[in-house]
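Novice: Before anything else, here's the structure in question.
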Amino acid sequence: MSKQAETPFPPGALEREAEIADTRNRWLLSLPAIVIIVCAAAGPLLVMVVYSFLTPGDYGNVKWEFSLDGWTNTIVQRDIFDDTLIWADAHLSIFWRSFSLSLITTILTLIIGVPTAWFVATQPPGRREFWLFLVTVPFWTNLLVRTIAVQELIRSEGVINLILLKIGIIDAPIQMMFTDFAIGFGMTYVYLPLMVLPVYAAVDKLDFRLVEAAHDLYAGRWTAFRRVILPLIKPGIIAGSILVFVPCLGAYVTPRVLGGGKNLMFGNLIELQFGAGRNWPLGAALSLMLMTAVMVALIFYVRITSREQADG
Amino acid sequence: MTSQTAHAEPSDATDTDTDTAAIAVDVDRVSKIFRGETEVRALDDVSVGIRKNEFFTLLGPSGCGKTTLLRLIAGFEPPTMGAIRLGTRDISRLPPNQRPINTVFQNYALFPHMSVAQNIAFGLEMLGKPKAEVQRTVDEMLHLVRMEELKNRRTSEISGGQQQRVALARALAPHPEVLLLDEPLSALDLKLRKDMQIELKRLQHETGITFIFVTHDQEEALTMSDRVAVMSAGKILQVGRPRDVYERPAERFVANFIGESNFLDATLSGGTVELAAGGRFEVRVPEGVRDGAVSVLVRPEHATVHSGEPGEGEIAATAENVVYSGEATVVHLRLATGEAIKIRLANAPQGGEAPPRTGGAAAIRIAPGAVTVLRD
Ligand SMILES: Nc1ncnc2c1ncn2[C@@H]1O[C@H](COP(=O)(O)OP(=O)(O)O)[C@@H](O)[C@H]1O
Ligand SMILES: [Mg+2]
């Protein structure tokens, strides 16, 4: 303790000076990132927030008059005749469709994607790249093209109906286009790689000696899967689920092409407000709602994973 | 002691251990062939009987098939030919989860998503033991490997030596009939390895479980084992107690792999060999060796050397190099036949008899019984 008094600087002075320089450097280094975040994310977001509190203009755009209608109109609407507020049933059913179809799509991609990822990851190294390539090929193809390919499959004169008619299982084509089924089918196909890839990465990282250890300790196939494999590939499964669920919620092209004009989803509803609906404040409010929903899901995810890391 | 010989040792093994206890694991003419781009015969007609409560070691260089033999006993792979029996029951086709055999893996293979205690409880839970019993056994195991304080840690938050102990506890908890250990100490530093060697012996003693231990470290094998099997290229060359394997290796490979060796040319005639460099010695003649030219082994510490001319029963040599290494001095010599030999002299306190000087004439005296005839 008495040693400290002999040093030319008061105790801690050098450290404090270094700390200040450190802080300054850190700010300078992160400046480019900050600029990008402000221009590309925070700025447009702010515009959306402001617009959601304004009044719709006559030909789109906004009038600079404060109004809460953009927000209230997301779930209620004013009756044109007696001015009372009623639930916006159309919106609510669209919210529900978006949520339920996204959930179903996520579950379907899980059911198809996890075994696929497992299969690819357990191939010998040479053949693995080939299968991965096959999984990712559609990914590099334009979304619209892929969606139209699905349409070719399921439309009334499409491949599936033609085959079913040929073998005589059905007498008349099944109406698949412009149904919720079509949207779910299309989204499952379109977003499948987003499930396969993270699960593949997780299985690829899985140490198969741990599976042997589980068998050695009297676990059968199913228990070994449930107690050892599943917990270890769970991060991949959660990541894949979010990667599928989030874009499904906001999907636009696929429901538009396969769902037609009646079976709208959240993305289409937003687009409608900025287009034919000419209600930009409502569109802005809906976008922010969607964003909030996604954020809540992500926060939930981070919470789960960090809690799991904290205690086994 | 029963006189039952449940299992025939390989006929050529110089296993002089006469007490034939009950057999725990019977490996009967097992071969394992891996068919890939090239065919690898990882095990080639291996037979060995491992006794109950025995600390049995498989010793051999890397790639000789030790891990393969363990994996076959554990059940991770089926044998291509032959049978593996637990006692008298054939278990060759039984999946690993139905064999009362547990493994301590080379890399420990602890479950990273579980705590220390959960890892140890895993096997017991899989066996469907009641909660209270699982709890009690886990506590016992934690005590046994001295890990009580760390039982709630994740396995990534403990040191290598501690992981090693958890792996041991996890494998011992279900109280298997046989414990397989695949080079469990090779990742530890020297000090820790010495401690764990003692610890392992203690555990084996306290639990009474048959241990089959794999190592490529001959010293480890000699210090820990009741019996050692020396392996090379998919074959078991010799099975015996450490002392037998060291002092009476059956083959040149075994002699070379375990300890330091001098190989000398000699002529065998009826229980006596005459070294090419001079000197006659009574020897034990291994099965299948006929009179004539043979190769013999002399361990460096089984002979002494002094400077000056050879006396009665001594062999003349020239000291080529004298290396002091603390506890011993190693003298490298050249015999009249041109053969090289090295001799290890235990160092006496200063003032004792000095070893020969480099380049000086020297005389070698080989202890009686120190000459071993090799079969090759
Ligand atoms: N799954 C496998 N496929 C092909 N060859 C293998 C396989 N496992 C082991 N081998 C080969 O069998 C031989 C013995 O291997 P191993 O039992 O691991 O030796 P050790 O444990 O003594 O080092 C080696 O030549 C190794 O390359
Ligand atoms: Mg090995």
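Novice: State all residues of segment A:222-240 that are over 17 Å from A:V196 (Cβ atoms), more than 9 Å from chain B (Cβ to nearest Cβ) and of a type outside the set (A, V, I, L, M, F, W, C); if no residue qualifies, say none.
Specialist: The one that is over 17 Å from A:V196 (Cβ atoms), more than 9 Å from chain B (Cβ to nearest Cβ) and of a type outside the set (A, V, I, L, M, F, W, C): A:R226.
Novice: For segment B:26-67, name all the residues that are of a type in the set (S, T, N, Q), within 16 Å of ligand 2 (Cβ to nearest atom) and away from every other protein chain (no Cβ under 14 Å). Give the derivation first.
Specialist: Initial filter on segment B:26-67 (of a type in the set (S, T, N, Q)): B:31, B:38, B:47, B:53, B:57, B:62, B:67.
In the following step, the residues that additionally are within 16 Å of ligand 2 (Cβ to nearest atom) were identified as B:57, B:62, B:67.
Those that are of a type in the set (S, T, N, Q), within 16 Å of ligand 2 (Cβ to nearest atom) and away from every other protein chain (no Cβ under 14 Å): B:T57, B:S62.
Novice: For A:F185, are the conditions met, namely being farther than 23 Å from A:L264 by Cβ and in the same structural domain as A:L264 (by TED's automatic domain parsing)? Even if it seems obvious, please write down each step before you answer.
Specialist: Values: farther than 23 Å from A:L264 by Cβ: no; in the same structural domain as A:L264 (by TED's automatic domain parsing): yes.
No: the conditions fail for A:F185.
Novice: Kindly indicate which of B:R170, B:R154 is crowded, with 19+ Cβ neighbours inside 10 Å and in contact with a Phe, Trp or Tyr (Cβ under 8 Å, 6 or more places away or on another chain). Walk me through how you get there before you give the answer.
Specialist: Details: B:R154 fails: in contact with a Phe, Trp or Tyr (Cβ under 8 Å, 6 or more places away or on another chain).
Residue meeting the stated conditions: B:R170.
Novice: When you scan segment A:118-141, how many residues do you find that are surrounded by 17 or more Cβ atoms within 10 Å (Cβ to Cβ) and within 30 Å of A:F266 (Cα to Cα)?
Specialist: 1
Novice: Still on this structure: Among (1) in a strand (DSSP E or B); (2) modelled with pLDDT under 90, there is one condition B:D26 misses while meeting the rest; what is its number?
Specialist: (2)
Novice: Just one of the numbered conditions (1) more than 13 Å from ligand 2 (Cβ to nearest atom); (2) within 14 Å of chain A (Cβ to nearest Cβ); (3) buried (at least 22 other Cβ atoms within 10 Å of the Cβ) is not true of B:L70; which one?
Specialist: Of (1) more than 13 Å from ligand 2 (Cβ to nearest atom); (2) within 14 Å of chain A (Cβ to nearest Cβ); (3) buried (at least 22 other Cβ atoms within 10 Å of the Cβ), only one is false for B:L70: (1).
Novice: Going by the conditions given, is A:I112 surrounded by 12 or more Cβ atoms within 10 Å (Cβ to Cβ), under 29 Å from the mean Cα position of the chain (by Cα) and in the same structural domain as A:V199 (by TED's automatic domain parsing)?
Specialist: On the way: surrounded by 12 or more Cβ atoms within 10 Å (Cβ to Cβ): yes; under 29 Å from the mean Cα position of the chain (by Cα): yes; in the same structural domain as A:V199 (by TED's automatic domain parsing): yes.
The answer is yes for A:I112.
Novice: Only one of A:I238, A:I229, A:I160 is more than 30 Å from B:Q118 (Cα to Cα) and among the β-branched types (V, I, T); which?
Specialist: Values: A:I238 fails: more than 30 Å from B:Q118 (Cα to Cα); A:I229 fails: more than 30 Å from B:Q118 (Cα to Cα).
None of the other options fit; the residue is A:I160.
Novice: Check A:G236 against each of (1) closer than 17 Å to A:M187 by Cβ; (2) within 18 Å of the chain's Cα centre (by Cα); (3) buried (at least 18 other Cβ atoms within 10 Å of the Cβ) and name the one condition it does not meet.
Specialist: Evaluating A:G236 over (1) closer than 17 Å to A:M187 by Cβ; (2) within 18 Å of the chain's Cα centre (by Cα); (3) buried (at least 18 other Cβ atoms within 10 Å of the Cβ) leaves (1) as the failure.
Novice: Quick check on segment B:210-240: of everything there that is β-branched (V, I, T) and within 12 Å of the chain's Cα centre (by Cα), which residue is nearest to ligand 2 (Cβ to nearest atom)? Full working, then the answer.
Specialist: Restricting attention to segment B:210-240, the residues satisfying the condition of being β-branched (V, I, T) are B:210, B:212, B:214-215, B:223, B:228, B:230, B:236, B:239.
The next check asks that each one be within 12 Å of the chain's Cα centre (by Cα); those that pass are B:212, B:214-215, B:223, B:228, B:230, B:236, B:239.
Working: B:I212: 13, B:V214: 7, B:T215: 10, B:T223: 20, B:V228: 16, B:V230: 15, B:I236: 15, B:V239: 19 Å.
Among those that are β-branched (V, I, T) and within 12 Å of the chain's Cα centre (by Cα), it is B:V214.
Novice: Here's another thing I want to ask about it. Run down B:V214, B:V145, B:V239, B:V230 and say which single residue is among the β-branched types (V, I, T), surrounded by 18 or more Cβ atoms within 10 Å (Cβ to Cβ) and without any contact (Cβ under 8 Å) to a residue 60 or more places away in the chain. Lay out the reasoning, then the answer.
Specialist: On the way: B:V214 fails: without any contact (Cβ under 8 Å) to a residue 60 or more places away in the chain; B:V239 fails: without any contact (Cβ under 8 Å) to a residue 60 or more places away in the chain; B:V230 fails: without any contact (Cβ under 8 Å) to a residue 60 or more places away in the chain.
Going through B:V214, B:V145, B:V239, B:V230 in turn, the sole match is B:V145.
Novice: Please list, ordered by first then second residue, the pairs with beta carbon atoms under 7 Å, 6 or more apart or interchain, first in segment B:293-310 and of a type in the set (A, V, I, L, M), second part of a helix (DSSP H, G or I).
Specialist: Within 7 Å, the pairs are B:L297/B:A255.
Novice: Within segment A:76-94, can you find the residues that are surrounded by fewer than 14 Cβ atoms within 10 Å (Cβ to Cβ) and closer than 14 Å to A:Q273 by Cα?
Specialist: Hit for segment A:76-94 is A:A90, nothing else.
Novice: Okay, moving on. Counting only residues that are in contact (Cβ under 8 Å) with a residue 24 or more places away in the chain, touching a helix residue (DSSP H, G or I) at 6+ places or on another chain (Cβ under 9 Å) and surrounded by fewer than 20 Cβ atoms within 10 Å (Cβ to Cβ), which one in segment B:87-106 is nearest to the other protein chains (Cβ to nearest Cβ)?
Specialist: B:N97
Novice: Under 8 Å by Cβ, and 6 or more places apart or on different chains, what pairs join a residue from segment B:180-192 that is in the same structural domain as B:M224 (by TED's automatic domain parsing) with one that is more than 15 Å from ligand 1 (Cβ to nearest atom) and charged (D, E, K, R)?
Specialist: Matching pairs, first to second residue: B:L185/B:R193.
Novice: Which of (1) part of a strand (DSSP E or B); (2) within 25 Å of the chain's Cα centre (by Cα) is the odd one out, the single condition B:F281 does not satisfy?
Specialist: The failed condition is (2).
Novice: Taking segment B:177-187 as the search range and keeping residues that are more than 10 Å from every other protein chain (Cβ to nearest Cβ) and touching a strand residue (DSSP E or B) at 6+ places or on another chain (Cβ under 6 Å), which one is nearest to B:A221 (Cα to Cα)?
Specialist: B:E183
Novice: Residues B:H175, B:H205: which one is surrounded by fewer than 24 Cβ atoms within 10 Å (Cβ to Cβ) and under 20 Å from A:A214 (Cβ atoms)?
Specialist: Details: B:H205 fails: under 20 Å from A:A214 (Cβ atoms).
The match here is B:H175.
Novice: While we're on this one: If a residue must be touching a residue at least 40 places away in the same chain (Cβ under 8 Å) and within 15 Å of ligand 1 (Cβ to nearest atom), how many such residues does segment B:69-83 contain? Steps first, please.
Specialist: Taking segment B:69-83 and keeping what is touching a residue at least 40 places away in the same chain (Cβ under 8 Å), we get B:69-70, B:72-74, B:77, B:79-83.
When the remaining residues are screened for being within 15 Å of ligand 1 (Cβ to nearest atom), the result is B:69-70, B:72-74, B:77, B:79-80.
Going through segment B:69-83 one residue at a time, the tally reaches 8.
Novice: If I ask for residues that are crowded, with 23+ Cβ neighbours inside 10 Å and either near ligand 1 (Cβ under 7 Å from one of its atoms) or more than 23 Å from the chain's Cα centre (by Cα) (or both), which ones from segment B:57-67 would you list? Outline the logic, then answer.
Specialist: Initially, segment B:57-67 is screened for residues crowded, with 23+ Cβ neighbours inside 10 Å, giving B:57-60, B:64-66.
B:G60, B:C64, B:G65, B:K66, listed by residue number.
Novice: Within segment B:225-257, how many residues turn out to be in contact with a Phe, Trp or Tyr (Cβ under 6 Å, 6 or more places away or on another chain) and over 18 Å from B:L297 (Cβ atoms)?
Specialist: Matching residues across segment B:225-257 total 3.
Novice: Quick check on segment B:73-86: of everything there that is surrounded by fewer than 18 Cβ atoms within 10 Å (Cβ to Cβ) and within 17 Å of B:D182 (Cα to Cα), which residue is farthest from the other protein chains (Cβ to nearest Cβ)? Walk me through how you get there before you give the answer.
Specialist: To start, the set of residues in segment B:73-86 that are surrounded by fewer than 18 Cβ atoms within 10 Å (Cβ to Cβ) comprises B:76-78, B:80-83.
If we keep only those that are within 17 Å of B:D182 (Cα to Cα) as well, we get B:76-77.
Working: B:F76: 6, B:E77: 10 Å.
Ranking the candidates gives B:E77 first.
Novice: Now, a different point. Out of the residues in segment A:208-221 that are within 7 Å of another protein chain (Cβ to nearest Cβ) and closer than 14 Å to B:P112 by Cβ, state the one that is surrounded by the fewest Cβ atoms within 10 Å (Cβ to Cβ). Show your work before the answer.
Specialist: Step one: of segment A:208-221, the residues within 7 Å of another protein chain (Cβ to nearest Cβ) are A:209-210, A:212-213, A:215-220.
This time we only want the ones that are closer than 14 Å to B:P112 by Cβ, so: A:209-210, A:213.
On the way: A:R209: 15, A:L210: 19, A:A213: 29.
Looking at the filtered set, the residue picked out is A:R209.
Novice: Now, a different point. Which residue out of B:I33, B:I50, B:I91, B:I101 is within 16 Å of ligand 1 (Cβ to nearest atom) and hydrophobic (A, V, I, L, M, F, W, C)?
Specialist: On the way: B:I50 fails: within 16 Å of ligand 1 (Cβ to nearest atom); B:I91 fails: within 16 Å of ligand 1 (Cβ to nearest atom); B:I101 fails: within 16 Å of ligand 1 (Cβ to nearest atom).
Going through B:I33, B:I50, B:I91, B:I101 in turn, the sole match is B:I33.
Novice: So B:T207 fits all but one of (1) within 14 Å of another protein chain (Cβ to nearest Cβ); (2) more than 16 Å from ligand 2 (Cβ to nearest atom); (3) of a type in the set (V, I, T); (4) within 23 Å of B:A22 (Cα to Cα); what number is the exception?
Specialist: (1)
Novice: Do any helices (runs of 4 or more DSSP H) entirely within segment B:107-176 hold 1 or more residues that are more than 9 Å from chain A (Cβ to nearest Cβ) and more than 29 Å from the chain's Cα centre (by Cα), and if so, which? Quick ask: steps written out before the conclusion?
Specialist: On the way: elements: B:116-126, B:131-144, B:160-172.
Here the list reads B:116-126, B:131-144.
The values are calculated or read from the model by the stated rules, or taken from the named source; none is laboratory data. These figures come from a predicted structure and were not determined experimentally. For neighbour counting, all protein chains shown are included, and Cβ atoms are generated from backbone atoms with ideal geometry for every residue, glycine included.
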